[in-house]
C-alpha cells in the first residue's frame, strides 16, 4: 500500500467513526477560540461580518455571513433533526409508550431544572432573563462523541437512551424557538408561508417519492418564514415532517431514510463544524476568574453542568421508583447518572439559542464562555463517571 493510499484509507476510516462529527466540532471550536485570541482576531470577525445579498426582483435577503450560517445552514440541520424525530417516533426507539417514558421524563426534567437555575441567578435583570432556555439544550453529536470514546464499555441501551433524551431535547428546543424567540411578525409573509406548507402536505398525500419537489417547496417556505419574523430554521423542521417514511414500491429504502442517510455526513462534517467555528470564537481579553461569576455566564454554566444532571437523573429516578418507567436492561444507577451528566453538553444548540436570545453583541462573550465551561465540565465528568462504572466488553451484551 502506497503512502497516498494509506493516508486516504485513514481519512475514510476517520469519517466512518461515530465520534468523528463530535471531534470535528471540538477542532472547529478550538480553532475559533485560537483565532479570536490571536492577531488574526480582526480577520476572523471580518470574515463573519462579510455581507452577502441575494436579490430576485423586489425580493432581497441581505445578511452578514454569520446570520447566513445561523439562519440558512442551521435550517438544513433542523431539517435533519426533523427527519430523525419523525423516524424515531414512527418506527424507532420512541415508537411505543414503554420506550418513550424514561427519556421523555428525563428530557422534561433536563429542560426545566437548568432553566430554573438560570432564572434564579438572573432574576434581577429582565434583559438577562431572555437567555433562560440556553442551558436547556443537549448537543447530541458532541455527547455521542464522548460516549463513543468509551468503546465497548457502553451498552446499546445507554446509547439509545442518550439519543432519545437528545431527540426530546431537540423537540423541546423547536417548540421554545417557535413560542419564545419569534421576532415581530409580518402577517402577510406568515399567510404566504401557508401556501408552500399546504403544498408540502398535498405532495406527501399524493405519495410523491422524489426529493426535488419537497426541497423546492422547502426553500420557498424558508424564505417566507424568514420574512415573517418566525425563525427560519422552523421551515426545515416543517419540510422534514412532510417527507414520506413509507418504503418505495421498488423495495428500496423510503425517501425519508434516503434523505437522512445522504444528508447526515454534510451536517456532521460541514454544517455543524462551520457553525461551531462561527459561534465559538470567544475572546478572553479582560476576562478573569471573577468574570465567571457574572449572572449570565454562571446561569448558563451551572444550568448545563448542575441543572442537566439533577433534572435528567432526578426525574428518571423518580419515574423508575414510581413505576412510570423501567430501568434499561443490565444498567446501573451510576451508568444512568453518567448519561445524565453527558446531557449537560449543550454546545451547538445552546450557542444557537443564545444567538436568538440576545441581539446585543455585549452578550456574545458571556454566552460562549458559559456554554464552553458548562459543556466541558459535563463532558469531562460524564466520561470519568462512565469510565469508572463500566468494564471493557460490557457493551457486547443485548441492548434495550
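The values are calculated or read from the model by the stated rules, or taken from the named source; none is laboratory data. What you are looking at is a predicted structure, and each value in this text was computed from that prediction instead of being measured. Reconstructed Cβ throughout: ideal geometry from the backbone, glycine too, with neighbour counts over all protein chains shown.
Checked against the criteria, residue 338 counts as at pLDDT 90 or above, crowded, with 19+ Cβ neighbours inside 10 Å and farther than 23 Å from residue 171 by Cβ. Looking only at the stretch 301-347, residues that are over 23 Å from the mean Cα position of the chain (by Cα) and not in a helix (DSSP H, G or I) come to 10 in all.
Matching residues to (1) over 21 Å from residue 149 (Cβ atoms); (2) in contact (Cβ under 8 Å) with a residue 40 or more places away in the chain:
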| position | (1), (2) |
| --- | --- |
| 271 | yes, yes |
| 305 | no, yes |
| 321 | yes, no |
| 343 | no, yes |
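Matching residues to (1) under 24 Å from residue 227 (Cα atoms); (2) surrounded by 12 or more Cβ atoms within 10 Å (Cβ to Cβ); (3) in contact with a strand residue (DSSP E or B) (Cβ under 6 Å, 6 or more places away or on another chain); (4) modelled with pLDDT of 80 or more:
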position: 164; (1), (2), (3), (4): no, yes, no, yes
position: 171; (1), (2), (3), (4): yes, yes, no, yes
position: 184; (1), (2), (3), (4): yes, no, no, no
position: 193; (1), (2), (3), (4): yes, yes, no, yes
position: 198; (1), (2), (3), (4): yes, no, no, yes
position: 206; (1), (2), (3), (4): no, no, no, yes
position: 209; (1), (2), (3), (4): no, yes, no, yes
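Out of everything in the stretch 356-375 that is farther than 14 Å from residue 144 by Cα and buried (at least 24 other Cβ atoms within 10 Å of the Cβ), what residue ends up being farthest from the chain's Cα centre (by Cα)? Residue satisfying both the conditions and the ranking: 366. In the stretch 216-234 there is at least one residue that is out of contact with any helix residue (DSSP H, G or I) (no Cβ under 7 Å at 6 or more places or on another chain), surrounded by fewer than 18 Cβ atoms within 10 Å (Cβ to Cβ) and either under 17 Å from residue 198 (Cα atoms) or modelled with pLDDT of 90 or more (or both).
Taken together, 262, 270, 278, 362 contain a single residue that is at pLDDT below 85 and either more than 29 Å from residue 80 (Cβ to Cβ) or in a helix (DSSP H, G or I) (or both), which is 362. Taking the stretch 116-135 as the range and being in contact with a helix residue (DSSP H, G or I) (Cβ under 6 Å, 6 or more places away or on another chain) and more than 24 Å from residue 232 (Cβ to Cβ) as the test, the residues that pass are 117, 118, 121, 122, 128.
Identify, please: which residue in the stretch 31-53 is assigned to a strand (DSSP E or B) and touching a helix residue (DSSP H, G or I) at 6+ places or on another chain (Cβ under 9 Å) and is, among those, surrounded by the fewest Cβ atoms within 10 Å (Cβ to Cβ)? Across the stretch 31-53, the extreme among qualifying residues is 51. Just checking, does the stretch 173-182 include any residue being at negative phi, surrounded by 14 or more Cβ atoms within 10 Å (Cβ to Cβ) and not in a helix (DSSP H, G or I)? Within the stretch 173-182 (the criterion being at negative phi, surrounded by 14 or more Cβ atoms within 10 Å (Cβ to Cβ) and not in a helix (DSSP H, G or I)), the answer is yes, since at least one residue qualifies.
Only one of the listed residues (65, 90) is under 29 Å from residue 319 (Cβ atoms), more than 16 Å from the chain's Cα centre (by Cα) and touching a residue at least 40 places away in the same chain (Cβ under 8 Å). That residue is 90.
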